[in-house]
Each structure stands twice: as C-alpha cells, then as structure tokens.
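As structure tokens, the structure follows; a few thoughts come after it.
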Amino acid sequence: MNTLVNENLKVSGDHIVQTLAKGSSREYFDFVAKIRASIGNVSGAKLREMIAEFNRQFAVWERVTENIVPTVARAALAEAWSGQAAALADVEVDTQVIGTGTTTPANGDTALETQTDSKTIASQSVNSNQAFNTAIWLAGDLNGTYYEHGLLINGSVLASRVLLNSPSGIAVGATDTLTVEFRHTFT
C-alpha cells in the first residue's frame, strides 16, 4: 500500500534589510578597506558580523522590506529537489543586482526591470530554516538613486526581487556604503 504524504513548503522572501552608511572620517574609510580586504577571505558568518558592526557605527538609516520569490526561482528549487539540477551552481544564489526600475515585483519576473550594477554575494549563512545572503556596495561602488534590487541564481536566474524604499528609492552617494541582506524563510 502506498501512502501519499502531503506537506506544504512555503518559500518566502521574508525580509530584505537595506542599510545606508555614510562617513567621511579616517575611521569610516579604514573600516571600508578592512571589509573590502575580508570579502572572500573570511567565513560568511564572520563577514556578516563585521558588516553588522560597521553598520552599527556608521548607518544613517535602515529599512526592512518584503520581497517576492518569483516562479523561476521556485522552479529551480523544484529541479534541485527532484535531482534535475546538473550542479550546485544551478540552484546557488550567488549575485545581488541593483537597478532603477520602478515596476511592482510580480511572480512572472525573470529579471530586474533596469539592472545597473551587480555584486557577488559577500556573505552567505544559514540559521535553521533561514538563508541569509548579504552583499555590500562599498564607498565608490555606486553613485545614484536606485529603486529595485534582486538576487540571482548562478548569476542569471532571478531568485528574488524587491522595490527599495518605494516610491522614492535609495540615493547612494559616491562615498556611501549600501548593505543589502536578504533573509529567506522556508516554512
């Protein structure tokens, strides 16, 4: 006798924490240099702690936004769970993207509306059923007003999309530092 077990898995794009830090002191730029040197050289959890400390010292604002996990990302997860993904890279979130589009995120999204920059994820970690993906645009990386943000699987498949501080966007100056942490909860 076969028994069908029906369980519900919900992947929610829980929260995106956006933190803008500003500074002009030597201490600010020394900390920026320390983070830049640590990317790729320290563990995800340690780098996440370092970025959090930087933001505690220099943040001028922080916002929490809800986001969506579009159909293409849920399809990639289904492929991985069914053994259809050829490699880990086929389902690994590895890039954050930022842009100037203002269209409301939708399940059918496959890219940002107007992507202007991307960053390799600086820190990845897991805590129970939550996945954390953090990218940091350090002083000198951005200069402008940005309205949308997203995560990419394998640098190309949209895993998550959100509008930043809608409708006004986030103004990032040439010496500002923007940290974006995505927290996805699997329930």
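All of the numbers you see were taken from the coordinates with simple rules; none came from a lab. Just so you know, these numbers come straight off a predicted model, no measurement behind them. For neighbour counting, all protein chains shown are included, and Cβ atoms are generated from backbone atoms with ideal geometry for every residue, glycine included.
A few remarks follow.
- Pairwise centroid distance, computed over Cα atoms, of region 32-58 with region 64-137, Å: 21 Å
- Segment Glu49-Asn127, length gained on full extension (0.36 nm per residue, minus Cα span): 26.7 nm
- Global geometry of region 131-187, whether rounded, prolate or oblate, following the gyration tensor of its Cα atoms and the 1.5 cut on a/c: prolate
- Computing FRET efficiency as 1/(1 + (r/R0)^6) for Ala33 and Ala59, where r is the C-beta to C-beta distance and R0 is 25 Å, gives about 0.85.
- When peptides 104-110, 148-154, 44-50 are ranked by their average number of other Cβ atoms within 10 Å per residue, the highest-first order is 148-154, 44-50, 104-110.
- Rg(Cα) / (2.2 N^0.38 Å) computed for region 37-181, rounded to two decimals: 1.05
- Region 41-123: C-alpha gyration tensor shape, a/c 1.5 cut-off, then a/b vs b/c: oblate
- Under 21 Å between alpha carbons - lysine pairs in the chain that sit 8 or more apart or on different chains: 5
- The chain: most fluctuating residue of Ser156, Ser123, Ser82 per GNM, C-alpha cutoff 10 Å: Ser82
- Rounded to the nearest Hz, the phi-derived 3J(HN,Hα) couplings of region 49-57 under the Karplus curve 6.51 cos²θ - 1.76 cosθ + 1.60 (θ = phi - 60°) are 5, 5, 5, 4, 5, 4, 5, 4, 7, where x marks glycine and proline.
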